[in-house]
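Asks: Handing you this structure, nothing more for now.
The values are calculated or read from the model by the stated rules, or taken from the named source; none is laboratory data. As the structure is a prediction and not an experimental result, all values here were calculated from the model. A quick note on method: Cβ atoms are made from the backbone with ideal geometry, for glycine too, and the neighbour counts reach across all protein chains shown. To get the accessible areas, we keep the full protein, side chains included, count just its heavy atoms, and leave off ligands, DNA and RNA. Shrake-Rupley method; radii C 1.70, N 1.55, O 1.52, S 1.80 Å.
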Amino acid sequence: IGPSSSAAAVLAAVDRHRAECPPDRPSHLLIELSTGGELPRWRRMPGVDAAPRRTADAEALAAWLEAAGDLAGTLVTLTGDADPVSHPGWRIVAAAARAAGATVHVRTPLDLDPAEAADLVTAPVDIVSVELHATTPRTWARMHDRDGLDGLDRVIAAVDALIAARRPLDAAGGLAALAVPWVVPRMQRRPETIDELEAFHEFWQRRLGTA
């Protein structure tokens, strides 16, 4: 491979390297911090019954991460049956992943009081994916199996508080995306959300540069 190599030759060399030199650590670890609750609609597959989940043992998971050794270059995602940040030991697991050198990602509905949401900036977390899956109150309530139509406004207030509390990477300010933790609103492509996908993407791209 040299300066005159074609793109096809470079890709072929990369494939050979991957085959001959497999990574000594995973690129992505997904840890489910279950709390024993039921899966919301956005976590369920249509027509598939979800098996009951036991409450995750945070101390055991943290010990496993410590024993795993160097996880530099690994993304550790914390998810759960409903909300991993509702697990009492989630920060223990996140801290163990960070201490091992991993990038820590948490997926949360962020249905929290604004002060609790803002406090996530003190946690050992690099990326917060917000499981919104809606642009309208009715769709949010359906996707999260909630009664009432005030939930989306409550979550948006929590997102606003988290965004305001983040640490900018550029002291001069600039795009909201250039701050930590990185906030990534999420929406699944499902029959319940299909009519809201475009508006969701446009709104959050303007607001954060991510969606």
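Asks: I'd like to verify a number: residues in the range 85-111 that are among the β-branched types (Val, Ile, Thr) and touching a Pro at 6+ places or on another chain (Cβ under 8 Å), how many? So that I can check it myself, show each step before the final result.
Replies: Within the range 85-111, the subset among the β-branched types (Val, Ile, Thr) is 85, 92-93, 103-104, 106, 108.
Now drop any that are not touching a Pro at 6+ places or on another chain (Cβ under 8 Å), which leaves 104, 106, 108.
Residues that pass the stated criteria total 3.
Asks: Moving on. Go through (1) at pLDDT 95 or above; (2) of a type in the set (Gly, Ala, Ser); (3) open to solvent by less than 50 Å² (accessible area, probe 1.4 Å) for residue 115 and report which single condition fails.
Replies: Among (1) at pLDDT 95 or above; (2) of a type in the set (Gly, Ala, Ser); (3) open to solvent by less than 50 Å² (accessible area, probe 1.4 Å), residue 115 violates only (3).
Asks: Only one residue in 126, 111, 150 is more than 16 Å from the chain's Cα centre (by Cα) and among the acidic types (Asp, Glu), so which one is that? Working first, answer last.
Replies: On the way: 126 fails: more than 16 Å from the chain's Cα centre (by Cα); 111 fails: more than 16 Å from the chain's Cα centre (by Cα).
From the options 126, 111, 150, the qualifying one is 150.
Asks: Is it true that residue 122 is in contact with a Ser or Thr (Cβ under 8 Å, 6 or more places away or on another chain) and either open to solvent by less than 20 Å² (accessible area, probe 1.4 Å) or farther than 16 Å from residue 78 by Cα (or both)? Spell out how you get there, then give the answer.
Replies: Values: in contact with a Ser or Thr (Cβ under 8 Å, 6 or more places away or on another chain): no; either open to solvent by less than 20 Å² (accessible area, probe 1.4 Å) or farther than 16 Å from residue 78 by Cα (or both): yes.
Taking the combined requirement at face value, the residue does not satisfy it.
Asks: Would you check which residues across the range 83-110 are of a type in the set (Gly, Ala, Ser) and either in contact with a strand residue (DSSP E or B) (Cβ under 9 Å, 6 or more places away or on another chain) or surrounded by 23 or more Cβ atoms within 10 Å (Cβ to Cβ) (or both) and list them? Quick ask: steps written out before the conclusion?
Replies: The initial filter retains those residues of the range 83-110 that are of a type in the set (Gly, Ala, Ser), namely 86, 89, 94-97, 99-102.
Of everything in the range 83-110, those that are of a type in the set (Gly, Ala, Ser) and either in contact with a strand residue (DSSP E or B) (Cβ under 9 Å, 6 or more places away or on another chain) or surrounded by 23 or more Cβ atoms within 10 Å (Cβ to Cβ) (or both) turn out to be 86, 94, 95, 96, 97, 100, 102.
Asks: Here are 52, 88, 46: which of them is within 30 Å of residue 133 (Cα to Cα), modelled with pLDDT of 90 or more, part of a loop (DSSP other than H, G, I, E, B) and not aliphatic (A, V, I, L, M)?
Replies: Working: 52 fails: modelled with pLDDT of 90 or more; 46 fails: modelled with pLDDT of 90 or more.
Exactly one of 52, 88, 46 is within 30 Å of residue 133 (Cα to Cα), modelled with pLDDT of 90 or more, part of a loop (DSSP other than H, G, I, E, B) and not aliphatic (A, V, I, L, M), namely 88.
Asks: Same structure, new question: Which pairs do you get when a residue that is open to solvent by less than 80 Å² (accessible area, probe 1.4 Å), found in the range 162-179, comes within reach of a residue that is charged (D, E, K, R) and at pLDDT 65 or above, reach meaning Cβ atoms under 7 angstrom, with the pair 6+ apart or on two chains?
Replies: 176/207; 179/166; 179/167
Asks: Name the residue, out of 71, 65, that is open to solvent by less than 20 Å² (accessible area, probe 1.4 Å), out of contact with any strand residue (DSSP E or B) (no Cβ under 6 Å at 6 or more places or on another chain) and more than 15 Å from residue 106 (Cβ to Cβ).
Replies: Numbers: 65 fails: more than 15 Å from residue 106 (Cβ to Cβ).
After ruling out the rest, the residue left standing is 71.
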